[in-house]
Amino acid sequence: MTVEGGQATELRGIRDHPFTRGGLCAKVNHFLERVYSPERLLHPLRRTGPKGSSEFARASWDEALDAIAERLRAIVTESGGEAVLPYSYLGTQGVVQGMSMDRRFFARLGATQLRRDICGSTPAAGITATLGRREGLLLPEELVHSRFLVLWGTNTIVTNLHLWPFVREAKERGATVVVVDPLKTRTAQSADWHVRPLPGTDGALALGMMHVIVAEGLHDADYVERHTVGFEQLRERLEEYPPERCAELTGLEAQEIVDLARAYATTRPAAIRTLIGMGHHGNGAMTARTIACLPVLVGAVKERGGGLAGTTGYLFGVLDLDRLARPELLRESTREVNMVQLGRALTELEPPIRALVVYNSNPAAIAPNQELVLQGLRREDLFTVVLEQFLTDTARHADYVLPATTQVEHLDLVPSWGHTYLTLNRPAIEPRGEALPNSEVFRRLARRLGFEEPCFRDSDEDLARQALASGHPFLAGITYQRLCEEGWAKLAIPDDWRPHAKGAFATPSGKCELYSEALAARGLDPLPGYTPPAELQELGDRYPLRLLTTKSALHFLNSSYANLPRHLRAEKEPLLDLHPDDAAPRGIGDGDQARVFNDRGSLTLRARVGDRVRPGVVAVPSGWWASLSPGGRSANALTRDDLADWGGGGDFHDTLVEVARAG
Ligand SMILES: Nc1nc2c(c(=O)[nH]1)N[C@H]1C(S)=C(S)[C@@H](COP(=O)(O)OP(=O)(O)OC[C@H]3O[C@@H](n4cnc5c(=O)[nH]c(N)nc54)[C@H](O)[C@@H]3O)O[C@H]1N2
Ligand SMILES: Nc1nc2c(c(=O)[nH]1)N[C@H]1C(S)=C(S)[C@@H](COP(=O)(O)OP(=O)(O)OC[C@H]3O[C@@H](n4cnc5c(=O)[nH]c(N)nc54)[C@H](O)[C@@H]3O)O[C@H]1N2
Ligand SMILES: [Mo]
């Protein structure tokens with residue numbers, strides 16, 4: 001970062017960063033345009049018009065915080081802490097501004113607890129059932145050693161660009177790269193082999209592959225014998241899934257399933273990488289559990305460059321997150337609301353939510369069932385406070401909007417979802433306008449509400465130091481001082497980390513659980529299995545098309561950046577992808593306006609007719625703000641807001657729709 005006269009003038013990646021190698025990405029390349037955007041919120045705002053009207057007057061911090069504290073105190077006195085709901089996610093990626101003072105504040109207040117499961121919880125729960133850990137066990141750098149690399153339901157080039165050089169290197173060393181995705185993504189276009197199952201059917205694909213592997217004796221019998229439980233039960237289950245049946249379930253050719261199974265089982269080392277998107281299905285956890293059996297069955301976990309790769313985010317759980325959040329401040333257990341179901345919580349919950357405090361998230365754009373979310377946000381009797389950098393669709397509905405600092409204006413300790421480097425983010429410039437870090441806002445509110453505990457006086461530096469002091473071996477040698485000097489540090493994980501080369505699974509049995517007693521005890525299917533998407537059975541006649549609303553916008557990070565001119569210009573407009581076989585009978589040509597709808601909502605978008613989708617599947621990009629989209633609604637106007645099988649994530653991608661020519 002170059003700063004001249006207090007003004008940041010240039011932001012560059014650091015060339016000698018071992019992982020990113022100086023590269024930023026399409027979102028962050030122009031981060032300073034975000035910081036200095038004329039749209040930045042620079043002062044607290046108080047609502048003066050009806051909810052959602054964007055009519056605000058400037059307020060001072062003292063005025064705003066006094067009013068918020070007074071209102072929260074009154075609501076808690078009348079209705080108890082549970083009438084207050086915090087709503088936040090990873091809008092800021094760091095632990096200080098994302099999960100410290102805020103957590104303490106709401107615990108002490110006795111607020112309703114938010115289950116923050118909108119992203120990776122579902123696949124994490126599935127992988128845990130099989131392997132006993134939430135994350136992949138194959139570190140990203142190790143992928144260069146793979147000779148067969150399956151990017152299973154992840155769009156690496158768009159969502160995880162910094163991994164791509166490792167994939168390319170593996171390719172240069174002779175690896176075959178397979179993408180399993182219903183959509184022809186940029187990543188699929190760069191692969192050697194694109195397998196295109198119908199959405200939500202990957203469990204059946206994995207079962208079909210395992211059927212072939214076991215039937216042809218391609219599994220690693222020795223590893224399976226020593227380090228797994230339930231192989232015989234699995235073998236029986238697999239009899240129900242011959243390739244022909246799986247072909248019907250997945251919409252693939254039986255021969256392709258056989259070919260994939262053989263190639264995967266016989267090319268060494270073989271890696272599977274999954275991330276998050278595929279988990280947004282009703283059967284998402286079971287699917288992840290089932291896929292996680294494959295690398296064990298063929299013994300890939302023994303080999304360098306083999307196994308299951310996923311997010312590295314959970315590895316940073318070695319930070320002392322409880323010390324930051326102080327859950328013990330919550331004196332009595334309170335009810336929980338799942339963030340996926342915000343619309344329901346605001347419109348249906350009894351006793352009602354009376355105050356909502358949003359930070360680091362933009363639910364009006366990213367939460368499913370947008371119509372219901374907006375209906376909740378428009379409630380005149382709901383007191384809403386939003387801490388934001390921009391006047392998002394959520395902030396428009398606030399009673400008070402509080403201006404938040406950006407990464408270059410505040411201190412934070414930042415983990416990563418894609419690699420194992422921990423970064424200390426130190427402010428490079430003074431906050432713009434009157435913007436404040438989230439931590440400071442909650443500190444000031446705590447003081448106003450009379451929270452006396454000393455932990456409410458911790459500074460941001462104290463918080464960062466506390467997070468580092470867990471004593472976990474992965475943090476060995478990583479001190480605040482060192483981070484100040486070096487900027488980042490790699491978690492102390494051995495390079496050639498193969499935690500399951502000799503078993504040692506953190507499951508109840510200590511083995512890989514092909515059969516899970518723990519699932520059986522919860523009344524769930526103890527074996528890998530496949531259940532078709534729910535809505536398909538209920539509504540398949542009225543709404544015959546399956547809708548994917550993925551993160552296909554290269555220049556957006558969820559809904560962040562989706563209001564900035566450069567990023568909007570680059571993304572042009574949200575398009576509806578439709579296959580010619582589905583377009584023709586509906587009289588829709590390429591470039592025509594089309595209405596895509598279901599019982600939850602409706603969007604009118606320009607159709608892009610082609611083979612980006614397979615027949616029966618349509619796609620709309622997520623991330624767009626409703627207020628900046630044609631017709632004032634965006635992708636989540638259509639999406640389902642039920643929960644997945646386990647783990648608490650959403651089932652966005654089980655959504656069914658119909659499409660008609662507009663006008
Ligand atoms: N540019 C950009 N990068 C991002 C983000 C962003 O918004 N923009 N968001 C970040 C976040 S929060 C996350 S969680 C990660 C997510 O990273 P990914 O998980 O890679 O991204 P998604 O787009 O959610 O989903 C990946 C792919 O899964 C496919 N998919 C959906 N359903 C199925 C299915 O049933 N089977 C199979 N095989 N594939 C399926 C979709 O078509 C999609 O191409 O990306 C991060 N990176
Ligand atoms: N249809 C559909 N919906 C999805 C998904 C999908 O694939 N399809 N993906 C889901 C997934 S995986 C995720 S992770 C969620 C993401 O959903 P969110 O976590 O809500 O992500 P963003 O839309 O980026 O919103 C983050 C907001 O935080 C603000 N922000 C950034 N830094 C700070 C800060 O320091 N302080 C404050 N106060 N605010 C800050 C940004 O300006 C931005 O408005 O979306 C989910 N929704
Ligand atoms: Mo996410």
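Throughout, read-outs are computed from the coordinates displayed, never taken from laboratory work. No experiment lies behind these values; they were computed from the predicted model shown. With ideal geometry, Cβ positions are generated from the backbone for all residues, glycine too; neighbour counts draw on all protein chains shown.
Couple of notes before you dig in:
- The Cα center of the range 574-596 and the Cα center of the range 303-339 differ in position by 42 Å.
- Our coupling estimate for the range 225-242, obtained by passing each phi through the Karplus curve with A = 6.51, B = -1.76, C = 1.60 and θ = phi - 60°, is 4, 7, 10, 10, 10, x, 4, 5, 5, 5, 4, 4, 4, 5, 4, 6, 10, x Hz, Gly and Pro reported as x.
- Remark: the V28-R15 segment gains 3.1 nm on full extension, using 0.36 nm per residue and subtracting the alpha carbon distance.
- Kirkwood hydrodynamic radius of the chain, from inverse mean 1/r over distinct Cα pairs, in Å: 25.8
- Nearest-0.05 FRET efficiency for R186 and A476, computed from C-beta distance (R0 51 Å): 0.85
- Spin-label zone in the range 221-240 - amide nitrogen under 20 Å from a point set 7 Å from the Cα of L524 along the C-beta vector: 228-231, 233-235, 237-238
- The range 476-571: trypsin sites (Lys or Arg not before Pro) falling in loop per DSSP and having at most 13 other Cβ within 10 Å: K502, R522, R542
- If the chain linking T2 and R268 were pulled fully straight, counting 0.36 nm for each residue of separation and taking away their Cα-Cα distance, it would gain 91.1 nm.
- Counting only alpha carbon atoms, the long axis of helix 254-266 and the longest principal axis of the chain meet at about 90°.
- Rounded to the nearest 20, the Cβ-based charge dipole of the chain about its Cα centre (Lys and Arg +1, Asp and Glu -1) stands at 1040 debye.
- Taking θ as phi - 60° and the Karplus parameters 6.51, -1.76 and 1.60, the scalar couplings of the range 169-180 work out to 5, 4, 4, 4, 7, x, 6, 8, 10, 10, 10, 10 Hz in sequence order, x denoting glycine and proline.
- Between the range 114-182 and the range 348-367, the Cα center-to-center distance that results, in Å: 32
- Residue-by-residue Karplus 3J(HN,Hα) for the range 346-355, coefficients 6.51, -1.76, 1.60, Hz, glycine and proline x: 7, 10, 10, 5, 10, x, x, 6, 9, 9
- Angle of helix 438-448 to the longest C-alpha principal axis of the chain, folded into 0 to 90 degrees and rounded to 10: 50°.
- Mean-position separation - Cα centroids, the range 33-81 and the range 198-252, in angstrom: 55
- The range 534-663 - charge dipole about Cα centre, Lys and Arg +1 at Cβ, Asp and Glu -1, debye rounded to 20: 660
- The chain: angle of helix 202-215 to the longest principal axis, Cα-based, in degrees nearest 10: 30
- For the range 235-336, the set of GluC sites (Glu not before Pro) satisfying both a DSSP loop assignment and a count of at most 15 other C-beta atoms within 10 Å is given as E239, E240, E253, E332.
- Cβ crowding within 10 Å averaged over residues, with 386-396, 578-588, 79-89 ranked highest first: 386-396, 79-89, 578-588
- Dipole magnitude (debye, nearest 20) for the range 180-257, charges at Cβ of Lys, Arg, Asp, Glu: 380
- Highest mean packing first, where packing is the average number of other Cβ atoms within 10 Å per residue, the peptides 199-206, 429-436, 160-167 line up as 199-206, 160-167, 429-436.
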